[in-house]
Each structure stands twice: as C-alpha cells, then as structure tokens.
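A quick write-up on the structure given underneath.
The values are calculated or read from the model by the stated rules, or taken from the named source; none is laboratory data. Quick caveat, the model's predicted, so the values are computed rather than measured. Please note: Cβ atoms are built from the backbone with ideal geometry, for glycine as well, and neighbour counts cover all protein chains shown.
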Amino acid sequence: MNVNLGIWDKLTKLVVFLLFIAGLIGVFYWYLPLVQQNQRYRKEIIALDGRIAGEERHGKQLRVAIDSLQNDPRVIERLAREKLSLAKTNEMVVRFEQPARR
C-alpha cells in the first residue's frame with residue numbers, strides 16, 4: 001500500500017539527503033588535518049630521497065678515489081707532487097704564487 005503524503009514525503013527525502021551531505025562534509029573536515037600532514041610528510045620524504053641520492057653519489061666518488069689511491073701508483077705520485085711539492089731526483093720544483101691584491 002502506497003500512501004501519498006504530499007510535500008512531507010519530498011521534504012523528508014530532502015532533509016535525509018542534506019544530512020548525508022552534511023555528514024560527508026563533517027568527515028572531510030575531520031580528516032583534513034591528517035591529509036595535510038600526510039602531504040607534508042610526502043614532501044619531506046621526496047626531499048630526503050634527494051639527499052640520499054646525493055650522498056650515495058658522493059660516497060661512490062669517495063670509493064673510487066680510495067680505490068685509485070690504493071691501487072694506482074701514478075695517483076699517489078701526482079698527489080705527492082701537487083700537495084707536498086715533492087720531486088724526483090734531478091728535478092726542480094717551481095712554485096708560482098698569486099700576486100698580492102691591493
């Protein structure tokens with residue numbers, strides 16, 4: 001049996017729909033701070049991943065430098081000449097100095 005209540009039936013459906021929409025909006029605002037915090041964490045993770053990649057590149061360069069120092073005598077000789085101003089027998093070391101700025 002279907003009873004026609006007129007406008008009250010339509011108003012009841014409208015009120016239920018508006019309460020549902022209000023509930024959705026309430027849930028949205030309830031979780032909004034959590035969503036914003038999640039976005040901040042994602043940005044921080046991306047920044048830290050970039051730093052990790054940079055440090056891994058730097059570590060790889062240092063490993064290559066250490067390996068070359070341990071295994072290549074030419075590298076050791078070049079560093080001794082540059083840093084310590086050492087020379088082989090019968091060689092003369094010439095140092096160039098920067099002119100003084102006034």
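Selection of first residues in the range 54-73 that are at pLDDT below 95 and of second residues that are assigned to a helix (DSSP H, G or I), restricted to Cβ pairs under 8 Å at least 6 apart or on distinct chains, gives the following pairs, ordered by first then second residue: Ser68/Val75; Leu69/Val75; Leu69/Ile76; Leu69/Leu79.
Specify the residue that is surrounded by the most Cβ atoms within 10 Å (Cβ to Cβ); the eligible residues are those in the range 69-102 that are among the charged types (D, E, K, R) and in a loop (DSSP other than H, G, I, E, B). Quick ask: steps written out before the conclusion?
Residues of the range 69-102 among the charged types (D, E, K, R): 72, 74, 77-78, 81-83, 88, 91, 95, 97, 101-102.
With the extra rule that they be in a loop (DSSP other than H, G, I, E, B), the set shrinks to 72, 88, 91, 95, 97, 101-102.
Values: Asp72: 11, Lys88: 7, Glu91: 9, Arg95: 5, Glu97: 5, Arg101: 4, Arg102: 3.
Step by step, filter the range 69-102, then rank; the result is Asp72.
The condition (being surrounded by fewer than 10 Cβ atoms within 10 Å (Cβ to Cβ) and of a type in the set (Gly, Ala, Ser)) is satisfied by just one residue among Gly6, Gly59, Gly26: Gly6.
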